[in-house]
Structure formats: structure tokens, C-alpha cells
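Just below is one structure, and these are the notes that go with it.
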Amino acid sequence: MDPLQPDNHHLPSPPLISDRVLINGVVTPLTLTAEGELQWTTEPGRGKSTTEKEILSFAVEGDKVRVKTLVERTGSSICCGGSGGDYARKDFVFEPLYDESRKLWCDKLRQRLRSLGRPKRLLVFVNPFGGKKTARKIFLEEVKPLFDDADVQLDVQETKYQLHAKEMVRSMDVSRYDGIVCVSGDGVLVEVVNGLLEREDWRTALKLPIGMVPAGSGNGMIKSLLDPVGMSCSAASATVSIIRGHRRSLDVATIAQGTTKFFSVLMLAWGLVADIDIESEKFRWMGSARFDVYGLQRIICLRQYNGRILFVPAPGFESCGQPASYHLDKESSVGDKTRGYQGPDTNLEDLEWREIKGPFVSVWLHNVPWGAENTLAAPNAKFSDGFLDLIVMKDCPKLALLSLMTKLSDGTHVQSPYVSYLKVKAFVLEPGARIDEEDKEGIIDSDGEVLARGRKSYKCDEKALMSYSKLQITVDQGLATLFSPE
């Protein structure tokens, strides 16, 4: 580069608009930069508000323009307004000196906000039955006011029964919305994904981003989204991340047994974790504490299960387990090709399979890092790496297991010598009976719901989607879309 020539890459872009306005009755220079920052200089110093992160919307009130902003509580601003949650709602008000200037300011602000690709209309599912049954209150008091301030139109639907959300998204007009929001635990999210995948236009439907607002027992997905960027797992943080409109892709796992399929976005568990997750529902009123209370009971009366797992290891994990061969059940490859997603197009028999034989204390597959707000189940899991994280425990003394369970909150349990932790591309589970009571079998749990109930297991008379026998899992990389904080 010629040293005499200016470095245009480092020159600031010209502002979108810059003019003198009235702020608190004082004539003040105000600038909207090309990067979307509102900058003004007053005594005692400079104020700044970033469009992408802080500005929700604006409104004209007579001669004045009110810019609605949301700032983190640690921040400061020369503004006035209300507050709630982790953020303070603050309004910045200025008055252009003449009508033409006000019109130009509104045009430039509107143009900048539209360029961010934020959602304008959302379908919102509120699950009033999840967790501590606070979803309706959370939505009305913490979520809706923020969407209103951001000028986002909402079509709100309270779920009235299990699979209600799935039924709705299976037949909805996806072109009417810029996204779907679930004010719930993870269960409604799973219903929405499964409903979208059962549509004939699933390829188009899956481009519709899904947002989560924590209002249930687990909240593993939204915790996995917010925690890496330092945002708390709160309704306000989750709503802000939806308003900002950033998106990210998400792997989807297809669980198949014969021609029956279930699409998972969170986890699959068998053994200790599944027993705690499902059998603790009798303590649902306790919220997420139910897992700790019932977990202690299950460890004291520890169960082990016979069985076998087969898997295709990710690069770097080829030495795990023992070599094995896998022959695909012919009926697994047969499905209704005329409607809905059928799973990834993978030739499983050509892959390098490995196996681990039981007995097992726990087998746990995870798609994202957090299984619940206080459970960092798979610390190395990624949203769209095309792999599932497999956590296997074959045998463990009860005292060591108690200690290990306390480490779930920071993910250090995977460092235990009693735990095998690896990444897999495909997986097969062949579940068996308990080693001490061979007439009793276990539960297979996926995304917090019972996938299969074995003989004499908890509520074994209730119908489940699949039988307590061999099932296979494959991963489709980045298939679904989520609203994301970044």
C-alpha cells in the first residue's frame, strides 16, 4: 500500500443524519452514525445509544421524537423511563428545530431499524401448565411490554392440551409470520419443531426462526443460547434476543423405530437421567428443584440396566468402545415420502460403528450444552456441528455418584473416571431390563417426554410413541432455525 495514500478502510463512514436539536430544552448536536449509534454531546459529557442493541423503536409525539431504548442495568444514560428484569426501559426524547428536520430524522431512524431484519409479526405460544404455571404472568408482565415497545405484532395462543402447538404449526400459514415464540419450558419448542417437520413444505417452514422465553421446569435450550454471551436466563434477556432478530441454525436428531419417527432438538436419556426426568414429574410444582430432590432418591436406590449401545464416533473419538457392525432394519428406511421430513439421507451401514455393552447406570445424548438451567450436561456440545454429545456411565459407587451429580451445574462431571464423554454422528440404543429385577424395564426419555416405557416402569400402562426396544438416531446438521442473542 502506498504510504502517501489515505487508508480508506479506517475512515469513518459519513453519518446518516446530523443536526442540532433540543434535548431537555437545550440546543444540542445530535448524530445518527452509519453504524446506527445515536450520539449527542451535553454537559457533563457524551451520551450514546446503539441502534442494534438498545433502540427498540421510536414514536413522534407532537414536535418531539421519543426513541424507546432498553439498556442493561449496569449501564447509564441521559434518559428517563421505567425498568424491569435485567434491563432498564429508558426513553430518549429530542425535538428537531423544524418540521422538515423531524421528517428526515424519522425517515433515517426507520430506514436503519428496517435494515436490521428484526421480526415484525410473531406467533406466540404460551403454555399455562408448564413448571410453576407462571407462563401467563411472565408473558403479560415481562414479555408483552417489551414486544409492544419494539412495535412487534403478536398473535398469542395459549396451549390447551399436549401437542396443541404441534397441531397448529402443522397447518399454519408460515408466510404470515417472521417467527414463532414459545413462552414455556422446552416441551412446546419440541412440539413446534416436530410440527414444522411434518409439513409438506418443511424446507421453507424450518427457515422460520423459533424463540424461547423461559417459563417451565427445564429451559435448557434458552439457557444454552444465553449463557455463552453472559446473559442471564430470564424472560427479559430472552425477549430482547428475539427482538434483535439474530438467527442461528440448530441440529435436529431423527429418532426412528420402524416407520415411527420423533424429531429431537435437546436430548435423549435412558437409565438414571431418564428415570429422574420422568418420574420426578410428581414434584413438578417444585419447578427445577424437583430434579435435585428426586435425583437424590434415585441415587440411594440405584438401578442398573442391561443393554447395548452402538455409535459412529466423531473424528477424534474413534478409539471409544469396541468395533461393531450395524445392519439397518429394512422397515426403518420405509416411510411416507409424500409428506414431511423423513430424516437425514445417510447410508448407516457404510459407517464405522463402535459398541459399548452394559450394564449401564445412565446413557445420555445431548444436542446442546444445558439440559436445564442448572444442568450443564454436555459442556462441549455445539448447536450445529452435526454431532450429538454422548455421556455414558456404566458403573459408579453411590458416594462418587452423589459427588458427580453436584458437578452437573458446571459440567465437570464429564471429567470423572466413571464417565465416558464423546461425540457421535449416529447412535443405536438396545435397551434391556434392570440387572437386579429382570422383569422390570426402564424409560426412554427424549426432550423431557416419554418416548418408550418398558415393563413395570413408571406409568407403564400409559401409551408411548415407541416400544421399549431398539431405536436408531441420526443427525441432520443445522436443519432448524432459532432466534439467538448473537
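The values are calculated or read from the model by the stated rules, or taken from the named source; none is laboratory data. Treat the numbers as computed from the prediction; the structure is a model and nothing was measured. Don't worry about glycine lacking a Cβ; one is built from the backbone with ideal geometry, like all the others, and counts go over all protein chains shown. When the accessible area is computed, the model is the full protein with side chains, heavy atoms only, and any ligands, DNA or RNA have been set aside. Shrake-Rupley method; radii C 1.70, N 1.55, O 1.52, S 1.80 Å.
General observations
- Enumeration of residues in the stretch 442-464 that are crowded, with 17+ Cβ neighbours inside 10 Å and either farther than 24 Å from Phe263 by Cα or among the β-branched types (Val, Ile, Thr) (or both): Ile443, Ile444, Val450
- Test for Ser467: is it among the hydroxyl-bearing types (Ser, Thr, Tyr), buried (at least 23 other Cβ atoms within 10 Å of the Cβ) and touching a residue at least 12 places away in the same chain (Cβ under 8 Å): no
- Residue count for the stretch 18-38 satisfying the condition of being in a strand (DSSP E or B), among the hydrophobic types (A, V, I, L, M, F, W, C) and surrounded by fewer than 18 Cβ atoms within 10 Å (Cβ to Cβ): 3.
- Which numbered condition Ser241 fails, given (1) farther than 27 Å from Phe311 by Cα; (2) surrounded by fewer than 20 Cβ atoms within 10 Å (Cβ to Cβ); (3) under 12 Å from the mean Cα position of the chain (by Cα); (4) hydroxyl-bearing (Ser, Thr, Tyr): (2)
- Condition broken by Arg248, with the remaining ones in (1) out of contact with any Asp or Glu (no Cβ under 9 Å at 6 or more places or on another chain); (2) touching a residue at least 12 places away in the same chain (Cβ under 8 Å) satisfied: (1)
- Of all residues in the stretch 321-369, those being at pLDDT 90 or above and closer than 30 Å to His413 by Cα number 21.
- Some residue of the stretch 209-230 being surrounded by fewer than 23 Cβ atoms within 10 Å (Cβ to Cβ) and of a type in the set (S, T, N, Q): no
- Single condition Pro431 does not satisfy, out of (1) farther than 30 Å from Thr204 by Cβ; (2) modelled with pLDDT under 95; (3) of a type outside the set (A, V, I, L, M, F, W, C); (4) surrounded by 15 or more Cβ atoms within 10 Å (Cβ to Cβ): (2)
- Selection of the stretch 98-138 for residues being touching a strand residue (DSSP E or B) at 6+ places or on another chain (Cβ under 6 Å) and outside any helix (DSSP H, G or I) yields Arg121, Leu122, Leu123, Val124, Phe125, Val126, Asn127, Pro128, Gly130.
- Selection status of Leu266, closer than 29 Å to Tyr87 by Cα, in contact with a helix residue (DSSP H, G or I) (Cβ under 6 Å, 6 or more places away or on another chain) and not hydroxyl-bearing (Ser, Thr, Tyr): yes
- Residue within the stretch 72-80 that is open to solvent by 20 Å² or more (accessible area, probe 1.4 Å), at pLDDT below 90 and among the aliphatic types (A, V, I, L, M) present: yes
- Pairs with Cβ under 6 Å, 6+ apart, first in the stretch 89-113 and surrounded by 13 or more Cβ atoms within 10 Å (Cβ to Cβ), second in a helix (DSSP H, G or I) and not small (Gly, Ala, Ser): Pro96/Arg102; Pro96/Trp105
- Members of the stretch 148-178 found to be part of a loop (DSSP other than H, G, I, E, B) and either crowded, with 24+ Cβ neighbours inside 10 Å or in contact with a Cys (Cβ under 8 Å, 6 or more places away or on another chain) (or both), listed by number: Val152, Thr159
- Number of residues in the stretch 278-299 that are part of a helix (DSSP H, G or I) and out of contact with any helix residue (DSSP H, G or I) (no Cβ under 7 Å at 6 or more places or on another chain): the value is 8.
- First in the stretch 311-326 and on the phi > 0 side of the Ramachandran plot and open to solvent by 80 Å² or more (accessible area, probe 1.4 Å), second anywhere and acidic (Asp, Glu) and part of a strand (DSSP E or B), Cβ under 9 Å, 6 or more apart: none
- For the stretch 258-276, a residue qualifies if it is more than 25 Å from Gln477 (Cβ to Cβ) and assigned to a strand (DSSP E or B), and exactly one does: Gly271.
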